[in-house]
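**Student:** One structure is given below, represented as C-alpha cells, and several questions about it will come after.
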Amino acid sequence: MKAINIKGRLFDLSVPQVMGIVNITPDSFFAASRKRADEGLIARCRQIIDEGGSMIDLGAQSTTPTSSFLSAKEEGERLMPALKLIRKEFPDAILSIDTFYSDIAKQAVEEYGADIINDISGGQIDDRMFSVVAQLQVPYVLMHMRGVPQTMQKMTDYDDLIQDILFYFSERKAKLNLLGVNDVIIDPGFGFSKTLSQNYELMALLKYFHIFEEPMLVGISRKSMIYKLLECSPEESLNGTSVLNTVALLSGASILRVHDVKEAVECVKIVNRITQYDQ
C-alpha cells in the first residue's frame, strides 16, 4: 500500500489524491487561483474540500520565469496570516506549504501545524532544507528543477533527459533518507527547466520513476506545455489539463496538484474504475 505518515497517521495513497492549489500571490500565472482577501481564501479552501480535494497546497511565492524572489521574511509576512486563518477554519485539513525556505517550513509546521513541505528547488536554494525537514519529520515533496525559476528555461540541455532526472532524484533521495526523512514524494517538475518537447517526453516516460518506490506528484494544471501546444490561454486549458492528468494517473501518479479540483477528482474516479480490471 502506498502511504505517507502525517502526524503519526498513515495517509493512504493507493487511490490517487487531489491537491488543490491556493496561491497567495499577486502575480500567479492563472488569475482565478489568486486569493488574497480572507473571505476569498476561506471560500477557495472550502471549494477544494467540497469538490473532493484531500490536500490544500498553499504558496506565497510565484515561481514563474518573470517573477521576483521574495525574501523569507516577505514570504512569511504574506503566508503566515493566511495559514493561521486556514488552520483555524479547517483544523483537520492536510496543508502542504509550497516554499523553498527552511525557516518558512519550520515556522509553518511548528506554529501552525502544516503537514507537508513542497519544495520546488529540491533543497538547492536553501541548503538547510533537508536537515530542517528531517527535524520536523513531515513528508517532503522533492521536485526536479535546475537553477531558479528566473533562469530555469535556459537550463534545458540534458545528456539524456530521463536518465539525468533519475540521477538527480537518486542522489537527493539518498541524502534525505540518510538524514532520516522517510516520506519522500517525487515530483518530476513539469514546466521547470524543460522545453515543451521535453515535458511531453517526460509525461510519456513517467513509468520509469516507479524505481524509487515512492509516491509521485504530478503538477501540470493549466501550464504552458498545454496552452502553448494547443495555442490557447491558461483559462482555456482545462480540457488539456484533464487529458494530461488522466495520462499521469495511468502512469501511476499518486497525487495530482491542480487548480480545478472537481475535474481532477473525476479523472481519478474514472481511471480508478478502469484500472480495477487490470490488477
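The values are calculated or read from the model by the stated rules, or taken from the named source; none is laboratory data. On a predicted model such as this, the values are computed, not experimentally measured, just so you know. FYI the Cβ positions are ideal-geometry reconstructions off the backbone, even for glycines, and counts take in every protein chain you see.
**Student:** Given (1) crowded, with 20+ Cβ neighbours inside 10 Å; (2) under 22 Å from residue 133 (Cα atoms), identify the lone condition not met by residue 147.
**Tutor:** Here residue 147 clears every test but (1).
**Student:** Shifting gears a bit: Among what's in the stretch 253-279 and is of a type outside the set (D, E, K, R), modelled with pLDDT under 95 and outside any helix (DSSP H, G or I), pick the residue that is nearest to residue 21 (Cα to Cα).
**Tutor:** The selected residue is 276.
**Student:** Quick test of your reading of the structure: residue 156 fulfils all but one of (1) part of a loop (DSSP other than H, G, I, E, B); (2) under 20 Å from the mean Cα position of the chain (by Cα). Name the failing condition by number.
**Tutor:** It fails just one condition, (2).
**Student:** Being of a type outside the set (Ser, Thr, Tyr), within 22 Å of residue 229 (Cα to Cα) and buried (at least 21 other Cβ atoms within 10 Å of the Cβ) narrows it down to one of 202, 176, 196, 161, so name that one.
**Tutor:** Going through 202, 176, 196, 161 in turn, just one is of a type outside the set (Ser, Thr, Tyr), within 22 Å of residue 229 (Cα to Cα) and buried (at least 21 other Cβ atoms within 10 Å of the Cβ): 202.
**Student:** Can I ask one more? Quick check on this structure: which one of 54, 62 is over 23 Å from residue 176 (Cα atoms), touching a Ser or Thr at 6+ places or on another chain (Cβ under 6 Å) and touching a residue at least 12 places away in the same chain (Cβ under 8 Å)?
**Tutor:** 62
**Student:** So, in the stretch 87-100, of the ones that are free of Cβ contacts under 8 Å to residues at least 60 places away in the same chain and in contact with a strand residue (DSSP E or B) (Cβ under 9 Å, 6 or more places away or on another chain), which residue ends up farthest from residue 172 (Cα to Cα)?
**Tutor:** My answer is 90.
**Student:** Here's a follow-up. Could you tell me which numbered condition residue 186 fails, if it satisfies all but one of (1) loosely packed, with under 15 Cβ neighbours inside 10 Å; (2) closer than 21 Å to residue 11 by Cβ?
**Tutor:** (1) is the only condition that residue 186 fails.
**Student:** Based on what the data block shows, is residue 274 hydrophobic (A, V, I, L, M, F, W, C), loosely packed, with under 15 Cβ neighbours inside 10 Å and closer than 26 Å to residue 159 by Cβ?
**Tutor:** No.
**Student:** Run down 193, 242 and say which single residue is more than 15 Å from the chain's Cα centre (by Cα) and either farther than 20 Å from residue 145 by Cα or of a type in the set (D, E, K, R) (or both).
**Tutor:** Result: 242 is the single residue among 193, 242 that is more than 15 Å from the chain's Cα centre (by Cα) and either farther than 20 Å from residue 145 by Cα or of a type in the set (D, E, K, R) (or both).
**Student:** Being at pLDDT 95 or above and either over 23 Å from residue 8 (Cα atoms) or not β-branched (Val, Ile, Thr) (or both): is that true of residue 59 here?
**Tutor:** Taking the combined requirement at face value, the residue does not satisfy it.
**Student:** While we're looking at this one, here's another question. Residue 140: modelled with pLDDT of 95 or more, aromatic (Phe, Trp, Tyr) and under 25 Å from residue 209 (Cα atoms), yes or no?
**Tutor:** Yes; evaluated as a whole, the condition is true for this residue.
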